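Student: This structure is in structure tokens; I'll ask about it shortly.
The values are calculated or read from the model by the stated rules, or taken from the named source; none is laboratory data. If you're wondering where the values come from, they're calculated on a predicted model, not measured in any experiment. Here the Cβ positions follow ideal geometry from the backbone for every residue, glycine too, while neighbour counts run over all protein chains shown. With ligands, DNA and RNA removed, areas are computed over all heavy atoms of the protein, side chains included. Shrake-Rupley method; radii C 1.70, N 1.55, O 1.52, S 1.80 Å.
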Amino acid sequence: MATPPQTRSPELRKDPVTNRWVIFSPARAKRPSDFKSKSPENPNNNSSSSCPFCIGNEHQCAPEIFRVPPDPNWKLRVIENLYPALSRKLEHPNVQSGDSSNDLGGWGRVVPGFGFHDVVIETPVHSVQLSDLEPSEIGDVLIAYKRRIEQIKQFDSIKYIQVFKNHGASAGASMSHSHSQMIALPIVPPNVSARLDGMKEYFNQTGKCSLCEVQSKDLLINETSHFISIAPFAASFPFEIWITPRYHSSHFDELDKEKAVDLGRLLKLILKKMALQLNNPPFNFMIHDSPVQVTDSELPYSHWFLQIIPQLTGVGGFELGSGCYINPVFPDDAAKILRELNVPIEG
């Protein structure tokens, strides 16, 4: 049983996956069960008649990449982002050979902004959110990610693909219609490199994958045949949740249909629990994948997972300056609250 938060002393924890230190400071919070979003998002307040993501308004969108099924009565669409962060029309950079022309006096490094920025429209209906879909329908969204990742991997200059979802305006969503995004980069971002370094360090010390070794019942929330959901050992944010394969898997696109539906069931359950317990907060989720090109020696310790962060607290100067986060809720307290919340899921 978790110790009541008011009797616990502050701790610093280093996560073996993210390679990041987190300060747990329960004195900065009320009881974990009192955490609620102060401004829950109502993501359906925009008019569906003017929403380009709604069925019938396809002509208002950027070019389509594919739809499922491939007929007018689609269930999901993958399209180009109308305002992409990167351009798929630029010449492919050769990062390895030092393609880094710089007009700023040679200070720093510049790589052409080639890449892909896509949008996955998860439902044709404006009022439907991802958590409203059946597990099999969420599985279809996940398989769409897989399919698009496999397409993008054909470009040798792409080194990392980030799948993410912003739910609610304060979580970064500019459109209220349920959707997620993918950005494919010609470099491996520093957070990804740090994560791989952390996993490598744990593997070198133990000979085991850090995510395969997550066994603590105190951190477990729910589990299915192929996946577990946990409050991570050194969660950076209150009620942060990870969903990770129970089997060792380095790349998300190794997912098959059966496992996608299983993951859809667990993701739906966790999103429902989070909405009930935390007053339907805005949130972000990210799929933390391995770089496109990993060596054989990296495969034993690289393991993908899905991270969910409800937006309950802000990030201040200490976090921005140090890269070390302050979390007022111990993970085992958060896990206990979510684990004991009963939410039936069918399908």
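Student: What are the residues in the range 198-237 that are assigned to a strand (DSSP E or B) and surrounded by 18 or more Cβ atoms within 10 Å (Cβ to Cβ), if any?
Tutor: Selection gives LEU220, ILE221, ASN222, PHE227, ILE228, SER229, ILE230.
Student: For the structure I just gave you, tell me whether LEU266 is more than 17 Å from ASN166 (Cβ to Cβ), open to solvent by 20 Å² or more (accessible area, probe 1.4 Å) and out of contact with any Lys or Arg (no Cβ under 8 Å at 6 or more places or on another chain).
Tutor: no
Student: Which residue is nearest to the chain's Cα centre (by Cα), if the candidates are limited to the range 269-300 and must be open to solvent by 30 Å² or more (accessible area, probe 1.4 Å) and closer than 17 Å to GLU122 by Cβ?
Tutor: MET286
Each row is one residue, and each column tells you yes or no for (1) in contact (Cβ under 8 Å) with a residue 12 or more places away in the chain; (2) assigned to a loop (DSSP other than H, G, I, E, B); (3) touching a helix residue (DSSP H, G or I) at 6+ places or on another chain (Cβ under 6 Å).
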| position | (1), (2), (3) |
| --- | --- |
| VAL294 | yes, yes, no |
| SER297 | no, yes, no |
| HIS303 | yes, yes, no |
| ILE308 | yes, no, no |
| LEU312 | yes, yes, no |
| GLY321 | no, no, no |
| ASN342 | no, yes, no |
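Student: OK, next. GLU240 versus (1) more than 26 Å from ALA334 (Cβ to Cβ); (2) acidic (Asp, Glu); (3) buried (at least 21 other Cβ atoms within 10 Å of the Cβ): which is the lone unmet condition?
Tutor: Result: GLU240 fails condition (1) only.
Student: Which is more than 19 Å from VAL17 (Cβ to Cβ) and either aliphatic (A, V, I, L, M) or at pLDDT 95 or above (or both), of LEU341, LEU306?
Tutor: The conditions single out LEU341.
Student: Could you say whether any residue in the range 301-315 is open to solvent by 10 Å² or more (accessible area, probe 1.4 Å) and more than 25 Å from LYS38 (Cβ to Cβ)?
Tutor: yes
Student: Search the range 136-159 for residues that are more than 21 Å from LYS89 (Cβ to Cβ) and pair each with any residue that is basic (Lys, Arg) and open to solvent by less than 60 Å² (accessible area, probe 1.4 Å) when their beta-carbon atoms are under 7 Å apart and the residues are at least 6 apart or on different chains.
Tutor: Hits for this filter: ILE138/LYS268.
Student: Residues that are in contact with a Gly (Cβ under 9 Å, 6 or more places away or on another chain), at pLDDT 85 or above, under 26 Å from ILE121 (Cβ atoms) and not in a loop (DSSP other than H, G, I, E, B): does the range 74-91 have at least one?
Tutor: yes
Student: Within the range 162-174, is even one residue more than 30 Å from GLU91 (Cα to Cα), buried (at least 21 other Cβ atoms within 10 Å of the Cβ) and in contact (Cβ under 8 Å) with a residue 40 or more places away in the chain?
Tutor: yes
Student: Take the conditions closer than 27 Å to GLN151 by Cβ and open to solvent by 10 Å² or more (accessible area, probe 1.4 Å) and apply them to LYS336. Does it pass?
Tutor: It is false that LYS336 is closer than 27 Å to GLN151 by Cβ and open to solvent by 10 Å² or more (accessible area, probe 1.4 Å).
Student: Suppose we filter the range 182-225 for residues that are in contact with an Asp or Glu (Cβ under 8 Å, 6 or more places away or on another chain) and free of Cβ contacts under 8 Å to residues at least 12 places away in the same chain; how many remain?
Tutor: Looking only at that region, the number is 1.
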